[in-house]
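> Once you've had a glance at the structure underneath, I'll fire off some questions.
The values are calculated or read from the model by the stated rules, or taken from the named source; none is laboratory data. Remember, predicted model here, so these are calculated numbers, not experimental data. Backbone-built Cβ (ideal geometry, glycine too); neighbour counts: all protein chains shown.
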Amino acid sequence: LFARPCTFMKGSVKLDQLPPMEGLEIAFAGRSNAGKSSLLNALTYRKTLAKVSNTPGRTQEINFFDLDGALKLVDLPGYGFAQAPEAKVKAWTRLIRSYLAGRANLARIFVMIDSRHGLKTADTEILDELDKAAVSYQIVLTKTDQLRPAELDARRETVLQQLSRRPAAYPEIVATSSRTGDGIPALRASIVRLMTE
Ligand code: GDP
């Protein structure tokens, strides 16, 4: 599935520009620099899929990709810039809220968390939004090649505990490294399970 042609559909900056709710959709979110683009590329066996969307100036767009008519991949703009002006944060929140509101074909949001850092304030704020919107989400730990196995286990445990009281959290974490490919098959399997449910 993931090696099949994946084409850029469109980038949306406004609610009225979102593509129609057709077919199954999954979305990817994360703090900027969490490793989202690298993961999207690894997931789809591509080198530059997500780069399309990450050219400066287009970062506040929601980018839609069509995976051979079978699935839509949605690349949400990164959040949590260290020095983002308040207006930009507000614009991000508004855009995400309008996307989430009643997006009936959205099966799940995968939230990328840098395994070295765990959940930061910006992440918990996003998870609050997702819980409020009752949108199912699953945590994907990234850059696991940077941790020793014991450190990764500890990180997993901590994050699982932090998720335990969150109503929309999927109670399973996928630990990945785009660099080594660890966990990428597990992530693909999670997505395929969603499609066959
Ligand atoms: P994005 O801003 O979330 O899209 O993050 P990028 O995919 O652009 O990655 C941010 C930085 O993290 C880049 O310097 C990447 O090379 C690095 N990075 C991404 N994935 C991995 C990984 O699996 N392992 C390591 N060690 N570095 C990674």
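> Against the conditions (1) part of a loop (DSSP other than H, G, I, E, B); (2) among the small types (Gly, Ala, Ser); (3) free of Cβ contacts under 8 Å to residues at least 40 places away in the same chain, where does Ser178 fall short? Just the number, please.
Going through the list (1) part of a loop (DSSP other than H, G, I, E, B); (2) among the small types (Gly, Ala, Ser); (3) free of Cβ contacts under 8 Å to residues at least 40 places away in the same chain, Ser178 breaks only (3).
> Between Lys88, Lys14, which is over 17 Å from the mean Cα position of the chain (by Cα), modelled with pLDDT under 85, of a type outside the set (A, V, I, L, M) and surrounded by 14 or more Cβ atoms within 10 Å (Cβ to Cβ)? Working first, answer last.
Values: Lys14 fails: surrounded by 14 or more Cβ atoms within 10 Å (Cβ to Cβ).
Exactly one residue qualifies, and that residue is Lys88.
> With of a type outside the set (S, T, N, Q), touching a strand residue (DSSP E or B) at 6+ places or on another chain (Cβ under 9 Å) and within 27 Å of Ala3 (Cα to Cα) as the only criterion, which of Ala122, Ala168, Ala104, Ala186 stands out? If you could, list the steps in order and put the result at the bottom.
Details: Ala122 fails: within 27 Å of Ala3 (Cα to Cα); Ala168 fails: within 27 Å of Ala3 (Cα to Cα); Ala104 fails: touching a strand residue (DSSP E or B) at 6+ places or on another chain (Cβ under 9 Å).
Of the residues listed, the single one that is of a type outside the set (S, T, N, Q), touching a strand residue (DSSP E or B) at 6+ places or on another chain (Cβ under 9 Å) and within 27 Å of Ala3 (Cα to Cα) is Ala186.
> While we're on this one: Is it true that some residue in region 159-173 is surrounded by 12 or more Cβ atoms within 10 Å (Cβ to Cβ), within 16 Å of the ligand (Cβ to nearest atom) and more than 17 Å from Asp75 (Cα to Cα)? Reasoning before the result, please.
The first filter runs over region 159-173 and keeps only residues surrounded by 12 or more Cβ atoms within 10 Å (Cβ to Cβ), leaving 159-160, 162-163, 166, 168-170, 173.
Checking the rest, the ones that are also within 16 Å of the ligand (Cβ to nearest atom) come to 173.
Still in the list and also more than 17 Å from Asp75 (Cα to Cα): 173.
The answer is yes; a qualifying residue exists.
> Return the total of residues in region 23-68 being modelled with pLDDT of 90 or more, among the charged types (D, E, K, R) and at negative phi.
Here the count works out to 4.
> Continuing with the same structure: Inside region 181-197, can you point out the residues that are more than 16 Å from the ligand (Cβ to nearest atom) and either buried (at least 16 other Cβ atoms within 10 Å of the Cβ) or in a helix (DSSP H, G or I) (or both)? Can you show your working first?
As a first pass, look at region 181-197 and keep what is more than 16 Å from the ligand (Cβ to nearest atom): 189-197.
Selection gives Ala189, Ser190, Ile191, Val192, Arg193, Leu194, Met195, Thr196.
> So which residues in region 98-122 are within 16 Å of the ligand (Cβ to nearest atom), in contact (Cβ under 8 Å) with a residue 24 or more places away in the chain and part of a loop (DSSP other than H, G, I, E, B)? Lay out the reasoning, then the answer.
The first filter runs over region 98-122 and keeps only residues within 16 Å of the ligand (Cβ to nearest atom), leaving 109-120, 122.
Those left that are additionally in contact (Cβ under 8 Å) with a residue 24 or more places away in the chain: 109-116, 118-120, 122.
Ser115, Arg116, Gly118, Leu119, Lys120, listed by residue number.
> Would you be able to tell me the number of residues in region 158-175 that are touching a helix residue (DSSP H, G or I) at 6+ places or on another chain (Cβ under 9 Å) and either part of a loop (DSSP other than H, G, I, E, B) or not aliphatic (A, V, I, L, M) (or both)?
So in region 158-175, the residues touching a helix residue (DSSP H, G or I) at 6+ places or on another chain (Cβ under 9 Å) come out as 162-163, 166-175.
From the residues that got through so far, the ones that are either part of a loop (DSSP other than H, G, I, E, B) or not aliphatic (A, V, I, L, M) (or both) too are 162, 166-168, 170-173.
The number of residues fulfilling the criteria is 8.
> Please state which one of Leu130, Leu119, Leu100 is out of contact with any helix residue (DSSP H, G or I) (no Cβ under 7 Å at 6 or more places or on another chain) and surrounded by 16 or more Cβ atoms within 10 Å (Cβ to Cβ).
On the way: Leu119 fails: out of contact with any helix residue (DSSP H, G or I) (no Cβ under 7 Å at 6 or more places or on another chain); Leu100 fails: out of contact with any helix residue (DSSP H, G or I) (no Cβ under 7 Å at 6 or more places or on another chain).
The conditions single out Leu130.
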